[in-house]
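The values are calculated or read from the model by the stated rules, or taken from the named source; none is laboratory data. Keep in mind the model is a prediction, meaning the values are calculated, not measured. Here the Cβ positions follow ideal geometry from the backbone for every residue, glycine too, while neighbour counts run over all protein chains shown.
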Amino acid sequence: MKADYYWRIVRAGCVAVVVMIAVFPLVWMVRTSVAGADSVILDGLSPIPSSFDLGNFERAWMLAGLGTAMFNGAVVCIAILAIQLLTCVPAAYAFAKLRFRGRDAVFMVVVACLLIPTQATALPLFLGISAVGLSDTLVALIIPFASSAFGLFLLRQHMSTIPDVLLEAARVDGLRTPSILWRVVVPASGPAIATFAVLSIFVHWNDYLWPLMVARDPALRTPPLALAVFQQAEIGLDFGALAAGAVIITAPIVVLFLIAQRRFVAGIAGGEIPG
Amino acid sequence: MSFTRRRRRAAVSVIAALTLGLVAACGGGSSETATAASTADCSPDGVRLTVTYAPYGEVAAGLAKPIFESRYPGLTVDLRPTSTVGYDDLTQQIVTDIAGGARPDVAMIGTGQLQFWVDRYGPQPIDPAALKPTYDQRFLEVGSVRDEVYFAPFQVSVPVLYTNLDLTTGAGVTELPTTTGELVESARRVKGGSGSAPVQIPRDQIADWPVQAFVQSAGLAYVEADGGPGFDSPEGVRALGIYEQLAADGLIDPISFADAITAFNTGRLAYFISTPALAAQAQETIGGAFEWTVSDFPVPDGGDPRLPAGGNGWIVLSDDACRAAYSAELIGEMLSPEIIVESSKKFSYIPVDREAAEALAADPAVSSPMGYAWRYEGTPTRFGGWPGDSTPRVNVFVEDMVQRLTRGEPTQQVVADMSARIRSAVR
Amino acid sequence: MSAPTLRPTARAAESTRARFSGDAWLGAVLVTPAMLALVLFVVTPGLLAFVATMFEIDLSGRTEWEWAGLDNVRAVMTDPAVLQSLANTLIYSVLTIVPSLVIGLALALLANSLGRGRPLVRTLLFLPFTANLVAMAVVFRFIFDLRGGLANTVLGLAGVGPINFLGDTATALPTVAAVGVWRCAALAMILFLAGLTSIPTAVHEAAAADGISGWVKLRWVVLPLLKPITIFVTVLMILQSVQVFDTINVMTQGGPLGSTETVLTMVWRLGFTYYDLGQGAALSTMLLILLIAVGILRRRSFSGESR
């Protein structure tokens, strides 16, 4: 009983230390975002700045046009996710549950796609997008991510654990494939879909390289592009506004995670653990 | 990857077709030098001018657009800003745009990239007459390649010395150093007082800028006529000896430029070679925490200042004579005295317009550190000038050179070593 | 690389086949949209990059492709900066993959052993993965600052002289790797935690009934059950490490003296800073071939072990 008590104390200590390491840089970001110009950097090591200035948030919001940028980011991320789910869910189901010639070979292509870095494909992709006149449109921000090798991989892993009896029963009941997908496969893979959704939104919300190339119209800017205005090397970084902007654009992501985490956490596991 | 043979052949032909298509699509935009036209001979009807710039150009382009469009009804100015964070990024972005078939008419570039653009993309010469009559002609040298003006400097600066007067006077140093010898001497005394390294010279991002300033101010060419480095000589080694001297005595810490800015703004650095463009931010960050000033770049002992112009300006990339003529005039509009005054006040650049310079001279802030650039009367030189597209590679070598020198490696060996690599990159 | 995880799937599909034949059409129809998009937006640009390996590409205006044979590959393979980037990538991977996995697993076990506070701790520990990297780079510059930075202040209390974390060629890569671990461990933790949460309560009850607990339970009950997810996380961590780009790009841009240059930052530099697309393509193709080779090797060693 006594040992158990000590173990609890030690564990709480460990948790505290680990949590501190994990969140300290973020706490510092928040601290920087509310600090006055004269205490924004290296103001001793106190987590409370010696002067406060909420003007950083105002500057971040106004100068960077974060309102538009966050709206664009949301549109792009949601559109990408919707299209990815439309393409990947049926395909993952086919990879997991149907038997057809060349299936494994095609799936190897999916795996190979995981290995191709975006830095290598960015320019050819940009030239192609420009050649068809889509550059500087919302479409150009979305369409290259219409499918996701990672999503196919993750969903297929999960769907392969859906018991066949379930699908068989659905067929016996006379359901056609779209109905099977919608009424059986999607509910059964809910957690995996939630996982994929959160990761997909994270990645595209914070993406910088591709939007930099194709989103030139200020009306199309996504959040990371909007923050570039505070990172001008020649005139010095605007630490306060940059941190405030980062806090603003990170907040929705954290909220999203809070909402999704119940399903999210069950998600990856459900697909992986047999039984 | 078990493609079937048929599929593989199909894939290859798709690739081939796509490649051909791309080459064909991009092959159209030739850039032959159009004969100079005057806007008087052209009709503005239906003309579209595309202007690309970094965030620094936002205000200038935004103000000039309506003025220009109302002067030439029927003409449209298309603003294509970039979200880039530096001049290398900016050049990348424009290069990518051009490869994608969207060649802008007017582009902002960093002063150091002029040679690259002239050698690779055939910009149109700018007729100085298209600029405002009050435009300060001494800056046209910065924009000239082979006696032709290709570039109209906009936000220009020369390297300067920032000094934390509290730290220097605290150590009994009352004079501002004007030569590298004096800088080293003063730094020794300041270090004796505080113990930490008192000097920073950029080691990355703009490392090549002070290097060129040291070399030229010692009376040497930075780039030889054949494109090779002009500092691979005993004189060059002497001009660049400052880094090793500072390193040997522990007077310089090997840290990044970004960290150096922080160090100065938080009062931990006595001497900082940097750009006047940072003065506005320094003023805001430092507040009244300590006394500081901006003064002339310290030249090698016995040398005369010949400082390369940093900053940015505009070039004309139009591939049509009439659009080129309009573009040059639009640049003139973007360089109006009002715009120059505003940007100089905001970021402390050297005014490139005489009327603007007069207005700034009357401003009470002219005697503050912000005003150094406004008072500057020297004639800056071109920045960079490595031939063809070797500039980015050479700049990495120059940066490596500075980083090795500030670690205390012997100047002679490092300069010889890096010069050989620069020569191979230039070739 | 993914072979081990594929196996149960293949088995499941085998049984499906027995019951439903004639899935050929349906399969093709369902797979086509996703694959079409992948082929258009990943495979084709990838192959174009591969083709570009054999050309000298001039981006200036005309985008001419000039046959260069293996010149680019040769140039890349003899460029000391490229070789350094390959070595750095290897070191970075060694420094990040295993620590991310181990720390991620340890954090997951720790968080999972909590009762009430679990959702809170879970969210806090996941935060590093959500942050905007550019803003975080500013914070990390402060933490690792040579004078007055947090890390050196703490070391100073312990009497250790200041370390030039990001400015010294010897410490820059490990420092950047530490930031990589900070991010990746958070991702690994959340994935492992998911695996732990879904271990059926029956397993815990059975273990308790048999008096199995502590290390024995971890080693012989929990870890085997986590094996599938471990493989999944490992694949993810390998990709995150070998393809590291953003972390380096915002923190050091590959410096000082190339000591943090990795393969992908080098690919970007060759292609977009030096405008030498052919060489950039050659390097990314080399990386791809290396990865595939590693994948095949791993697959072989795994099938040898488990069959």
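Among the helices (runs of 4 or more DSSP H) confined to the stretch B:226-325, the ones with at least 1 residues that are surrounded by fewer than 24 Cβ atoms within 10 Å (Cβ to Cβ) and within 14 Å of another protein chain (Cβ to nearest Cβ) are located at B:241-248, B:257-265, B:279-286.
Kindly indicate whether any position in the stretch B:209-216 is in contact with a Gly (Cβ under 9 Å, 6 or more places away or on another chain), within 14 Å of another protein chain (Cβ to nearest Cβ) and at pLDDT 95 or above. Checking the stretch B:209-216: at least one residue is in contact with a Gly (Cβ under 9 Å, 6 or more places away or on another chain), within 14 Å of another protein chain (Cβ to nearest Cβ) and at pLDDT 95 or above.
Every condition in (1) over 30 Å from A:Arg221 (Cα atoms); (2) of a type in the set (Ser, Thr, Tyr); (3) within 24 Å of the chain's Cα centre (by Cα) is met by A:Thr137 except one, and the failing one is (1).
B:Thr91 meets all of the listed conditions (1) among the β-branched types (Val, Ile, Thr); (2) more than 19 Å from the chain's Cα centre (by Cα); (3) not in a strand (DSSP E or B) but one, namely (2).
Scan the helices (runs of 4 or more DSSP H) fully inside the stretch B:334-402 and keep the ones with 1 or more residues being in contact with a strand residue (DSSP E or B) (Cβ under 7 Å, 6 or more places away or on another chain) and either of a type in the set (Phe, Trp, Tyr) or at pLDDT 90 or above (or both).
On the way: elements: B:337-347, B:354-361, B:372-375.
Counting at least 1 such residues, we get B:337-347, B:372-375.
Taking B:Ile255 as the residue in question, decide whether it is hydrophobic (A, V, I, L, M, F, W, C) and touching a residue at least 24 places away in the same chain (Cβ under 8 Å). Criteria met by B:Ile255. With respect to the conditions (1) within 24 Å of C:Val98 (Cα to Cα); (2) within 12 Å of chain A (Cβ to nearest Cβ); (3) surrounded by 18 or more Cβ atoms within 10 Å (Cβ to Cβ), C:Ala172 falls short on a single one, namely (2). Listed by first and then second residue, the pairs linking a residue in the stretch B:302-317 that is of a type in the set (Ser, Thr, Tyr) to a residue that is in a loop (DSSP other than H, G, I, E, B), with Cβ atoms under 9 Å apart and 6 or more places separating them unless they lie on different chains, form an empty list. Total residues in the stretch B:111-132 satisfying the condition of being farther than 14 Å from B:Val316 by Cα and small (Gly, Ala, Ser): the figure is 2.
Name, by its number, the condition in (1) more than 30 Å from A:Ala194 (Cα to Cα); (2) within 12 Å of chain A (Cβ to nearest Cβ); (3) in contact (Cβ under 8 Å) with a residue 24 or more places away in the chain that does not hold for C:Arg269. Going through the list (1) more than 30 Å from A:Ala194 (Cα to Cα); (2) within 12 Å of chain A (Cβ to nearest Cβ); (3) in contact (Cβ under 8 Å) with a residue 24 or more places away in the chain, C:Arg269 breaks only (3).
Here is a check on your reading of the model: is C:Val134 in contact with a Pro (Cβ under 8 Å, 6 or more places away or on another chain), within 11 Å of chain A (Cβ to nearest Cβ) and modelled with pLDDT of 85 or more? In short, no.
Within the option set C:Gly271, C:Gly278, C:Gly255, being among the small types (Gly, Ala, Ser) and touching a strand residue (DSSP E or B) at 6+ places or on another chain (Cβ under 7 Å) holds for one residue only, C:Gly278.
Each row is one residue, and each column tells you yes or no for (1) closer than 26 Å to A:Ile180 by Cα; (2) part of a loop (DSSP other than H, G, I, E, B); (3) touching a Leu at 6+ places or on another chain (Cβ under 7 Å).
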position	(1), (2), (3)
A:Gln84	yes, no, no
A:Tyr93	yes, no, yes
A:Phe100	yes, yes, no
A:Phe107	yes, no, no
A:Cys113	no, no, yes
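Among the criteria (1) touching a Phe, Trp or Tyr at 6+ places or on another chain (Cβ under 7 Å); (2) closer than 23 Å to C:Met266 by Cα; (3) among the aromatic types (Phe, Trp, Tyr), the one C:Phe50 does not fulfil is (1). Going residue by residue through the stretch B:174-194, is there one that turns out to be among the β-branched types (Val, Ile, Thr), out of contact with any helix residue (DSSP H, G or I) (no Cβ under 7 Å at 6 or more places or on another chain), within 30 Å of B:Arg382 (Cβ to Cβ) and modelled with pLDDT of 95 or more? Looking for residues that are among the β-branched types (Val, Ile, Thr), out of contact with any helix residue (DSSP H, G or I) (no Cβ under 7 Å at 6 or more places or on another chain), within 30 Å of B:Arg382 (Cβ to Cβ) and modelled with pLDDT of 95 or more, one finds at least one in the stretch B:174-194, hence yes. Of the residues A:Ile249, A:Ile193, the single one that is more than 11 Å from chain C (Cβ to nearest Cβ) and buried (at least 19 other Cβ atoms within 10 Å of the Cβ) is A:Ile193. Would a scan of the stretch A:82-104 turn up a residue that is free of Cβ contacts under 8 Å to residues at least 24 places away in the same chain, β-branched (Val, Ile, Thr) and facing chain C (nearest Cβ under 8 Å)? Checked against the condition, which is being free of Cβ contacts under 8 Å to residues at least 24 places away in the same chain, β-branched (Val, Ile, Thr) and facing chain C (nearest Cβ under 8 Å), the stretch A:82-104 yields no hits at all.
Can you tell which of B:Thr76, B:Thr96, B:Thr111 is more than 15 Å from the chain's Cα centre (by Cα), of a type outside the set (Gly, Ala, Ser), surrounded by 20 or more Cβ atoms within 10 Å (Cβ to Cβ) and more than 19 Å from B:Pro337 (Cα to Cα)?
B:Thr96
Going residue by residue through the stretch B:186-209, is there one that turns out to be assigned to a helix (DSSP H, G or I) and closer than 15 Å to B:Phe257 by Cα? Checked the stretch B:186-209: at least one residue is assigned to a helix (DSSP H, G or I) and closer than 15 Å to B:Phe257 by Cα. Comparison of C:Leu264, C:Leu257, C:Leu236, C:Leu226 shows that the only residue that is of a type outside the set (Ser, Thr, Tyr), within 9 Å of chain A (Cβ to nearest Cβ) and farther than 18 Å from A:Cys113 by Cβ is C:Leu226.
Only one residue in C:Ala207, C:Ala194, C:Ala188, C:Ala177 is touching a helix residue (DSSP H, G or I) at 6+ places or on another chain (Cβ under 8 Å), crowded, with 20+ Cβ neighbours inside 10 Å, more than 29 Å from A:Phe230 (Cβ to Cβ) and modelled with pLDDT of 85 or more, so which one is that?
Details: C:Ala207 fails: crowded, with 20+ Cβ neighbours inside 10 Å; C:Ala194 fails: modelled with pLDDT of 85 or more; C:Ala177 fails: more than 29 Å from A:Phe230 (Cβ to Cβ).
None of the other options fit; the residue is C:Ala188.
On inspection, B:Thr111 fails the criterion of being within 9 Å of chain A (Cβ to nearest Cβ) and among the polar types (S, T, N, Q).
Please verify whether C:Lys217 is within 12 Å of chain A (Cβ to nearest Cβ) and more than 21 Å from C:Pro119 (Cα to Cα), treating the condition exactly as stated. Spelling it out, it is not the case that C:Lys217 is within 12 Å of chain A (Cβ to nearest Cβ) and more than 21 Å from C:Pro119 (Cα to Cα).
Can you name every residue in the stretch A:163-190 that is facing another protein chain (nearest Cβ under 10 Å) and surrounded by 14 or more Cβ atoms within 10 Å (Cβ to Cβ)? Within the stretch A:163-190, A:Asp164, A:Leu167, A:Arg171, A:Thr177, A:Leu181 qualify.
Out of the stretch B:144-158, which residues are crowded, with 24+ Cβ neighbours inside 10 Å and of a type outside the set (Ser, Thr, Tyr)? Quick ask: steps written out before the conclusion?
Here is the first cut: in the stretch B:144-158, the residues crowded, with 24+ Cβ neighbours inside 10 Å are B:151-158.
Matches in the stretch B:144-158: B:Phe151, B:Ala152, B:Pro153, B:Phe154, B:Gln155, B:Val156, B:Val158.
The condition of being within 20 Å of C:Leu287 (Cα to Cα), in contact (Cβ under 8 Å) with a residue 40 or more places away in the chain and crowded, with 16+ Cβ neighbours inside 10 Å holds for C:Asn88. You will find that of A:Leu152, A:Leu141, A:Leu127, the residue that is within 23 Å of A:Val76 (Cβ to Cβ), more than 14 Å from chain B (Cβ to nearest Cβ) and crowded, with 19+ Cβ neighbours inside 10 Å is A:Leu152 and no other. Just wondering, is there one or more residues in the stretch A:103-121 that are crowded, with 24+ Cβ neighbours inside 10 Å, of a type in the set (Lys, Arg) and more than 29 Å from C:Met286 (Cβ to Cβ)? The answer is no, given that none of the residues of the stretch A:103-121 is crowded, with 24+ Cβ neighbours inside 10 Å, of a type in the set (Lys, Arg) and more than 29 Å from C:Met286 (Cβ to Cβ).
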